[in-house]
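What follows is a single structure, written as structure tokens, with notes after it.
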């Protein structure tokens, strides 16, 4: 595990809480404004940022993320811009920055070039939702070479054998998708996540983050009771899309991040899962 990533999960564990993980695409609504929004998320209590790499075919994403990605692409954001956004952010000790990206943009940019560029920019890891372990040999080698974490996904439909394969090549944390289907904020979170987390925890010592659908502090608190990380994306984006202007958007983001941070700190942990640097 990347040392900064390990520190994030270790700090949260020592405090008896889950890690708050927030997502926003780089370049949304512009490169400079995305830096402001992402930095606001950090300053308001997000522990680990997922900086989205905009992609023209986001099949796994819901309408809010698709709209934000389209805006970024229309503004001309590039993969190099994404790395620049990461480099411009100023995380404190105990915070970390990841990139969330479909595999195609990384492959086009150059696997070694992207991993090295992210490490140089201060990034700690990459989440690749559509890359399978069987197709990841080059990515595993590239991330190992520069000490960048690689996070793969499991879902409620994943068999135990599949979970073992995914967790065996993952470093940083295992991303447990709480629902089947596209991303998006929901009024109620599925009851599948606790079962999935229990299954994953029985097969790996790595931290487990739960994502897809969190839209309130109370939902974050409910997931924080059993997961090591609570992942929130679409609800952040929706606040930017619905804001009257840049100042209002930053205020909305600040308030929502603080609500979520309070949520993950309000619920006593139901598990004492170890945080490990293995793999």
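The values are calculated or read from the model by the stated rules, or taken from the named source; none is laboratory data. These numbers come from a predicted model, not from an experiment. No Cβ is skipped: glycine too gets one built from the backbone with ideal geometry, and neighbour counts run over all protein chains shown.
Can you say whether residue 91 is surrounded by 18 or more Cβ atoms within 10 Å (Cβ to Cβ), closer than 25 Å to residue 120 by Cβ and within 13 Å of the chain's Cα centre (by Cα), as far as the supplied structure shows? Walk me through it before giving the result.
Values: surrounded by 18 or more Cβ atoms within 10 Å (Cβ to Cβ): yes; closer than 25 Å to residue 120 by Cβ: yes; within 13 Å of the chain's Cα centre (by Cα): no.
So residue 91 fails the test.
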With the structure loaded, tell me whether residue 26 is buried (at least 23 other Cβ atoms within 10 Å of the Cβ) and either at pLDDT below 95 or out of contact with any helix residue (DSSP H, G or I) (no Cβ under 7 Å at 6 or more places or on another chain) (or both) or whether it fails that test. no
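Just the residues that are over 13 Å from the mean Cα position of the chain (by Cα) and either assigned to a loop (DSSP other than H, G, I, E, B) or touching a residue at least 24 places away in the same chain (Cβ under 8 Å) (or both), please, taken from the stretch 27-40.
Initial filter on the stretch 27-40 (over 13 Å from the mean Cα position of the chain (by Cα)): 27-37, 39-40.
Hits for the stretch 27-40 are 27, 28, 29, 30, 31, 33, 34, 35, 36, 37, 39, 40.
Looking at this structure, is residue 45 under 17 Å from the mean Cα position of the chain (by Cα), more than 19 Å from residue 127 (Cβ to Cβ) and surrounded by fewer than 24 Cβ atoms within 10 Å (Cβ to Cβ)?
Working: under 17 Å from the mean Cα position of the chain (by Cα): yes; more than 19 Å from residue 127 (Cβ to Cβ): yes; surrounded by fewer than 24 Cβ atoms within 10 Å (Cβ to Cβ): yes.
Spelling it out, residue 45 is indeed under 17 Å from the mean Cα position of the chain (by Cα), more than 19 Å from residue 127 (Cβ to Cβ) and surrounded by fewer than 24 Cβ atoms within 10 Å (Cβ to Cβ).
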Flag for residue 21 being touching a residue at least 40 places away in the same chain (Cβ under 8 Å), out of contact with any helix residue (DSSP H, G or I) (no Cβ under 8 Å at 6 or more places or on another chain), within 21 Å of residue 150 (Cα to Cα) and not in a helix (DSSP H, G or I): yes
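Somewhere in the stretch 122-145, is a residue over 29 Å from residue 197 (Cα atoms), out of contact with any strand residue (DSSP E or B) (no Cβ under 9 Å at 6 or more places or on another chain) and surrounded by fewer than 19 Cβ atoms within 10 Å (Cβ to Cβ)? Step through it out loud before you land on a result.
Start the filter on the stretch 122-145 by keeping residues that are over 29 Å from residue 197 (Cα atoms), which leaves 122, 145.
Within this subset, residues satisfying the condition of being out of contact with any strand residue (DSSP E or B) (no Cβ under 9 Å at 6 or more places or on another chain) are 145.
If we keep only those that are surrounded by fewer than 19 Cβ atoms within 10 Å (Cβ to Cβ) too, we end up with 145.
Scanning the stretch 122-145, I find at least one residue that is over 29 Å from residue 197 (Cα atoms), out of contact with any strand residue (DSSP E or B) (no Cβ under 9 Å at 6 or more places or on another chain) and surrounded by fewer than 19 Cβ atoms within 10 Å (Cβ to Cβ), so the answer is yes.
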